[in-house]
Amino acid sequence: MGSEEIAADPGRLDAVVARLTGAPRAEVQRAIAEGLVTVDGSVRQKSFRLSGGERLVVTLPGELEVPPEGPGVPIRRRDEHLVVVVKPAGLPTHPTEGRRTGTLVNRLKGMGLPLSPVGAPLRPGIVHRLDVGTSGLMIVALTIPAHEALAGMMKRHEVDRRYLALVRGLVEHDAFQVDAPLGRRGARITVSAAGGREAATTFEVRERFARATLLEAAPHTGRTHQIRVHLAAIGHPILGDRAYGGAGDDARALGLGRPFLHSWRLVFDHPITGERIELEEPLPPDLAEALRRARGRGRPD
């Protein structure tokens, strides 16, 4: 077993611990009943109401711990509080209850990074995510104060995240914004006016080709699959994105085996020191080759 210290969210104790750790609620309830969860040093009932900000010490079975794995991933910035890494495409960000290996978190642990225990044990250090098929820059917290500050910055939209996306067709406007609430339907995310969560993304055309357009995307909210769904909703799915209409001959002609979506730029104030941090990451080889092929197919008439 391993103990983790976590800052509480408001809500019922068992529900909050399950959400923050990723552990099944029944397993959390057993741990609470056995006195393995404390709130500010005291054992409480599973139904205890948290106000938010309490210090939880949670001890869960060792099988919930994430094993370290290799190889490592590139580091673009590191200090005692945080690290900015480059996530490869094809790598999930963190484990789930049904998959404990083969994720970015496993690799970060294999690199010996002291990940923040907030969100542990399945999501240590993770303050934002990239989809499995998305590559590029990610911020990871190494300490609890940095994690909590970064999470607040994300909620207040104080981290400027920019993505490059190659989409099907010719996008008419040079700059535009998509405001469309998103909801879940089974495994898919869809635009949902009734009951969906607010989501907004700004887009700017970087380059136009005969049958595709290179866009820079700046999400103002952090919903699952937000950029992908917003682009599909306006009729310009990301090329290579099988889940949202971007597969087919155009994607195959560019050699795309995954969505052309890359987190290329991060700008934010360091959560502890206040230092301005600006980082950029070039396209990886597979997307650079797809862009070269798109250029080779000509420009719009």
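Apply 1/(1 + (r/R0)^6) to the Cβ-Cβ distance of Thr59 and Val132, taking R0 = 25 Å, and write down the FRET efficiency to the nearest 0.05.
Using R0 = 25 Å, I get an efficiency of 0.20.
Give me the number: length gained by fully extending Ala187 to Phe48, i.e. 0.36 nm times residue separation minus the C-alpha to C-alpha distance, one decimal in nm.
46.8 nm
Between His173 and Arg12, what FRET efficiency comes out of the Förster formula 1/(1 + (r/R0)^6) with R0 = 45 Å and r the beta carbon distance, rounded to 0.05?
It comes to 0.45.
Would you work out the relative contact order for the stretch 1-95, in percent, from Cα pairs under 8 angstrom that are 6 or more residues apart?
With pairs under 8 Å counted, the relative contact order is 30 percent.
Please go through the stretch 132-165 and write out the trypsin sites (Lys or Arg not before Pro) that DSSP classes as loop and that have at most 10 other C-beta atoms within 10 Å.
Passing both the DSSP loop test and the Cβ count: Arg156.
Can you compute 3J(HN,Hα) from phi for each residue in the stretch 194-211, using the Karplus curve 6.51 cos²θ - 1.76 cosθ + 1.60 with θ = phi - 60°, rounded to whole Hz and x for Gly and Pro?
Per residue, the Karplus-derived 3J(HN,Hα) values read 9, x, x, 8, 3, 8, 9, 9, 9, 10, 9, 6, 9, 6, 10, 10, 4, 9 Hz.
Excluding Ser47 itself, calculate the net charge of residues whose Cβ lies under 11 Å from the Cβ of Ser47, where each Lys or Arg counts +1 and each Asp or Glu counts -1. Can you show the working numbers first?
On the way: positive: Arg12, Arg44, Lys46, Arg49; negative: Asp14.
So the environment of Ser47 carries a net charge of +3.
Note down the net charge around Thr134, summing +1 for each Lys or Arg and -1 for each Asp or Glu among other residues with Cβ under 15 Å from its Cβ.
Details: positive: Lys87, Arg129, Arg161, Arg162, Arg223, Arg228, Arg242, Arg258, Arg265; negative: Asp131, Glu216, Asp241, Glu281, Asp286.
Result for the neighbourhood of Thr134: +4.
In the stretch 158-257, what GluC sites (Glu not before Pro) fall in a loop by DSSP, with at most 14 other Cβ atoms inside 10 Å?
Glu158, Glu172, Glu198
From the square roots a ≥ b ≥ c of the eigenvalues of the alpha-carbon gyration tensor of the stretch 2-62, which class results: rounded (a/c under 1.5), prolate (a/b over b/c), or oblate?
Here the stretch 2-62 falls in the rounded category.
Work out from phi, with θ = phi - 60° and the Karplus expression 6.51 cos²θ - 1.76 cosθ + 1.60, the ³J(HN,Hα) of each residue of the stretch 87-96, listed in order in whole Hz, and give x for Gly and Pro.
Residue by residue, the stretch 87-96 yields 7, x, 5, x, 10, x, 5, 8, x, 10 Hz.
Give me the tail of P(r) for the stretch 1-102 as a percent: Cα-Cα pairs with distance above 19 Å.
51 percent
If r is the Cβ-Cβ distance from Arg206 to Asp269 and R0 is 22 Å, what FRET efficiency results, to the nearest 0.05?
0.25
How far, in nm, would the chain grow between His157 and Thr221 when pulled straight, counting 0.36 nm per residue and subtracting the alpha carbon separation? Let's see the in-between values first.
Details: separation 64, 0.36 × 64 = 23.04 nm, distance 0.70 nm.
Separation in residues times 0.36 nm, less the Cα-Cα distance, equals 22.3 nm.
Which far-off residues, 5 or more places away or on another chain, put their amide H under 5 Å from the one on Arg76, with H placed in the peptide plane?
Answer set, sorted by chain and number: Val84, Val85, Val86.
Give me the net charge of Arg276's neighbourhood, meaning all other residues with Cβ under 13 Å from the Cβ of Arg276; Lys, Arg count +1, Asp, Glu -1.
Local net charge: -4.
Testing the spin-label approximation: label points 7 Å from Cα along Cα→Cβ at Glu198 and Glu280. State their distance in nm.
Inter-label distance under the simple model: 3.2 nm.
A short reminder: the numbers here are calculations on the coordinates, not readings from a lab. Here the structure is a predicted model, which means the values were calculated and not measured. All Cβ positions, glycine included, derive from the backbone under ideal geometry; neighbour counts span all protein chains shown.
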